[in-house]
Each structure stands twice: as structure tokens, then as C-alpha cells.
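Peer 1: This is the structure, below, for whatever I ask next.
What follows draws every value from the coordinates through simple rules; no lab data is involved. Keep in mind that what you see is a predicted model, and the values were worked out from it rather than measured. Note: ideal-geometry Cβ built from the backbone for every residue, glycine included; neighbour counts use all protein chains shown.
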Amino acid sequence: MKLPHFAVALACAVGLSVQTQAADPIKIAHVYGKTGPYEAYAKQSHTGLMMGLEYATGGTMKVNGRTIEVIEKDTQLKPDLGKALLAEAYADDEVDLAIGPVSSGVALAMLPVAQEYEKLLLVEPAVADSITGEKWNRYIFRTGRNSSQDAIANAVALGQDGVKIATLAQDYAFGRDGVAAFKEALQNTGADLVFEEYAPRDTKDFTASAQRLFDALDKEKGRKIIFVIWAGAGNPMGKIKAMNPERFNVELATGGNILAVMKALKSLPGMEGATYYYHDTPQNDANKWLVSEHYKRFDSPPDFFTAGGMTAGMAVVAALKKAGSTDTDELISAMEGMAFETPKGKMIFRKEDHQALQSMYHFKLKVDPNVEWAVPELVREISIKEMNVPIRN
């Protein structure tokens, strides 16, 4: 039976519409602090993101037959600007989802925007617990580790009977959430957190803070440690080390960091802590590719936040493949409980708060004269099963 002309025209129009929709790019906004104190973190994060998308798509930069288009927006580490740029990405650029930012303070300002526009925000690498805790909403997923994961891992590394610990941290969400989580994680280790010191993010002179930390630990007995939670410039570890804490029988400790910061830790051979990533540690295909390609392209190993960016890219591609769509609700359904591969191995998005559960690495610093930075030699991998990460929302 021959179809009427209008039916043929309608069928052609529908077919053309479907083809056009299939050909539309998948738009992703990378909203992050390209300029400011965390510029080094941001550069690594974006490099890693693009390499992750490349790796996960086999070099095609296509998923489900559609090209991936990444739009960059610079928050300049300003919460109000981050909030406005994310709204612009959702409303004007019509992105399917967004990734970022670097700063926890900026991330917290951005969370309600994702809820308002009912679009996904994949947080990488901002760390504050409250992002997937009390400030969380269903449109937020996080591939980056949170403060609790950092804290639990470092508590495993440092927490022993009789150990007395004082903390130095930045006076904003990242630092305060980190100390709160660290204190909680120490509860069953036999160690005690006896003093907390907070300093502004732009602090350059740590003399007064260090003296308060020394005074607080001076009256304690046994092994005494100053544990530092710091991001960006300032180099508190190097400056406190220069004040000779050994005269107070005090050790310094901190978690892992970017290689530029690890250079300052060469004065602390034997220091123990826990880290999110070091390029020689994970043994899997994704990390081997990342390390090899990064050396080829940049003549250097991938860094802390490069791995994080790649993880975000791989998670997005895995979610798009599983959902078969860019529809937000379908993506959420696909991602809740989803296991996916990363340069660190397998991660899992926890259904309750969309936090990526992941391994961490207990290290001991080794000084190699042929390496510019202190090498965090692996003591052992702290597995997902050992990381009893609280649900805080």
C-alpha cells in the first residue's frame, strides 16, 4: 500500500530529526580554576580529563556515535564566578553535564546550580566532605577522593597507641573538613589529636602557627607529630622543618601531593603518610597508558591531579555508554552503584551519596639523589573494603 504524501514527509522529517539528534555533539563543560593559586592543579586536571576521554573512547573522542565537545570556563577560584559560569554552561551553552572545580569553596557554591538546572556536576578534584555530605544533592557525583578518604588513609598510616598529633590546616572548607574527618578516623587507632591550628590560605609566614603547635605538643609524652593538611602555595612543611622541630621531639607528616610540593619533602626521609596517587604505584592498563603517553607528550610523569582528571573522563564515558543517552535521569540511574576503571584501578560510585569509593596508598618517603622529589614508596595499598567512609548526607 502506498503511503500518502504527508505520511512520507512526516516519516522523512522524523528520520532527519533522529539523525540530527544523533549527530549533535555531547557537550561537557570543564568549570575549574585555570588561574590563581591552584593553577598547577587545574592544568593537570584538564590534561588528565582530555587524556581520559581519549583513552576511554579509543582515541575517537566519540561515544554512542556522537562527538565529545569540551568547553572550558575559568572560575578564577571565585565562588560567585564559578556559580555564574556553571549556570551559563547549563543555560546558554546547553551542556549535557559539567566537571570541576578545583576548589572546595567554589564547588560548594556550584552544587545548588546543578540542582536548579537538573543537570549533572561531576566533582573533580575538590575534596571537602560536605560536597557529598550535608550540601549534596542527587545531581552531584564525585570521582575525586573526599576528606574522609584522605583522613582514614592517613589515620591508618599514622595512628598508633600513644601517638599525640597536632594539625595545621587551611582555614576554609578543605582544611576544616579534613581535620574533622582525620580526628574521627583516629578514634579507634590509639592515637590522640590534641591540638588544631588553622591559618589563612595565603599564609606565607608560619612562625606563629608553628610555635603554637610546638607549645601544644611540648606537654605531651610519647611520639609527637604535626600533621599538615594544605593545598597550593606557602610550603608550611618546609618552613616548619626549617624551625628544627626535632628540638621539641616533634615529627612532621602530611599526605601525598603534586610533585612540585614533594620536592620540599626531600628533607623528611622516612616520613610516612597516605596518598591518592603516585605514578609508579598502580599497576593496571589505564595507568600504564597514562604514564607512557604523558612521558611521550610532556617529557614528565603524570601527576596527582592528572590521574584525577583522567578518572573523571573515564567515568563520564563509562556512564554515557551504560546509559546510552545524555538524559540526566538515565545517567543518574546508570551511575548509581556503577563500577568503572581508572588509573588507580576500580572505583565504585556509592548509591547513597555518589562518592567514588577507591583505594588509597600508605607510603614511606625515600630520598633518591637522581629524583627531584621525595619518592613515596608504597608500604601497602589500603583497599576499598578497608576504607569505611562515612555517609554524611
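Peer 1: Gaussian network model of the chain, Cα springs within a sub-10 Å range: biggest mean-square fluctuation belongs to which of Ala151, Ala208, Ala185?
Peer 2: Of the options given, Ala208 has the highest mean-square fluctuation.
Peer 1: Sequence neighbours fewer than 8 away in the same chain don't count; with that in mind, list the lysines whose C-alpha is under 22 Å from Lys221.
Peer 2: Of all the lysines, those that pass the test against Lys221 - Cα under 22 Å, at least 8 places apart if same chain - are Lys164, Lys183, Lys241.
Peer 1: Work out the FRET efficiency for Ile71 and Ile391 from their Cβ-Cβ distance, taking R0 = 25 Å, and round it to the nearest 0.05.
Peer 2: The pair Ile71/Ile391 has a calculated efficiency of 0.15.
Peer 1: Over all distinct Cα pairs, what is the inverse of the mean 1/r for the range 182-290, reported as the Kirkwood hydrodynamic radius in Å?
Peer 2: After inverting the pairwise mean of 1/r, the radius is 15.6 Å.
Peer 1: Mind pulling the angle between the C-alpha long axis of helix 79-91 and the longest principal axis of the chain? Nearest 10 degrees, somewhere in 0 to 90.
Peer 2: 20 degrees
Peer 1: Based on alpha-carbon centroids, what's the gap between the range 42-69 and the range 324-393 in Å, whole number please?
Peer 2: Using only Cα atoms, the two centres lie 19 Å from each other.
Peer 1: When Asp96, Asp353 are ordered from fewest to most other Cβ atoms inside 10 Å of their Cβ, what list results?
Peer 2: Going from least to most buried by this count: Asp353, Asp96.
Peer 1: Net charge near Asp368, counting Lys/Arg +1 and Asp/Glu -1 over other residues with Cβ under 14 Å of its Cβ?
Peer 2: Net of charged neighbours comes to +1.
Peer 1: Counting other beta carbons within 10 Å of each residue's own, what order do Val367, Val317 fall into, fewest first?
Peer 2: Ordered by Cβ neighbours within 10 Å, fewest first: Val367, Val317.
Peer 1: Antiparallel as a % of all DSSP beta bridges within the chain, to the nearest 5?
Peer 2: The answer is about 35 percent antiparallel.
Peer 1: Right, another one. Only helical DSSP H runs with n ≥ 4 go in: add -39500 (n - 2.57) per run for the chain, normalise by residue count and round the 222 nm mean residue ellipticity to 500 deg cm²/dmol.
Peer 2: -12500 deg cm²/dmol
Peer 1: Return the percentage of antiparallel bridges among DSSP beta bridges fully within the range 40-164, rounded to the nearest 5 %.
Peer 2: 25 percent
Peer 1: May I have the count of lysine pairs in the range 300-375 with C-alpha atoms under 19 Å apart, counting pairs 8 or more residues apart or located on different chains?
Peer 2: 5
Peer 1: Fewest first, what order do Arg350, Arg392 take by the number of other Cβ atoms within 10 Å?
Peer 2: Placing the least packed residue first, the sequence is Arg350, Arg392.
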